[in-house]
Amino acid sequence: MTTRLQPGDQAPDFTLLDDHGKEVTLSDLRGGKVIVYFYPAAMTPGCTREACDFTAERETFDASGYTVLAISPDNTDKLASFREKEGLDIALLSDPDRSVLRAWGAFGEKKLYGKVIEGVIRSTFVVDEEGKIEVAQYNIKATGHVERLIRQLDLA
């Protein structure tokens, strides 16, 4: 059973490579708010919709002091292709060994078309300025997710 993070928990720190090969460390973003979301695979329909929605709302998040970090097990080359193909403007981070996914409870058993499999659990977290989890959402639906998150954070 995967341990899930709850509001008030300390966000597990990480350092991952982005699609440009640059290291991104969560704790380096302290003092600002961070949205960390996990998705199964670049260039699939739901993941593309979600990434495009976050990109479309980038100004909304920026204006409210949020940095958006998108994490998948894809390698950096695939992420770079994803960015270019879709015109994405958010940080795409690679977690090929799934260690960060596991630490955040975003990898484990899930149902897919009625079967139980092990994989990425589409999840979103809001981390406050001190590095604490403010919002923890698991098993989210990609369609409409960003719009719901904006309303939940009262950014609209």
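Read the figures in this text as sums done on the coordinates, not as results from a lab. Note that the structure is a prediction, hence the values are computed from the model and not measured. All Cβ positions, glycine included, derive from the backbone under ideal geometry; neighbour counts span all protein chains shown.
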(request) Report, in debye and to the nearest 20, how large the dipole of the chain comes out about its Cα centre when Lys and Arg carry +1 and Asp and Glu carry -1 on their Cβ. (result) 700 debye
(request) Return the single residue from E118, E57, E86 with maximal mean-square fluctuation; model: Gaussian network over the chain, springs between Cα atoms under 10 Å. (result) E118
(request) State, to one decimal in nm², a quarter of the convex hull surface area for the C-alpha atoms of the chain, i.e. the direction-averaged projected area. (result) 8.6 nm²
(request) Could you work out how far apart the two model spin labels at S99 and T143 are, taking each label as a point 7 Å from the Cα in the direction of the beta carbon, and quote it in nm? (result) 3.8 nm
(message) If you split all Cα-Cα distances of the stretch 106-147 into 10 Å bins from zero, what percentages do you get per bin, shortest first?
(response) 26, 43, 26, 6
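Stretched out fully, how many nm does the piece from L155 to D28 gain, at 0.36 nm a residue minus the Cα gap?
43.3 nm
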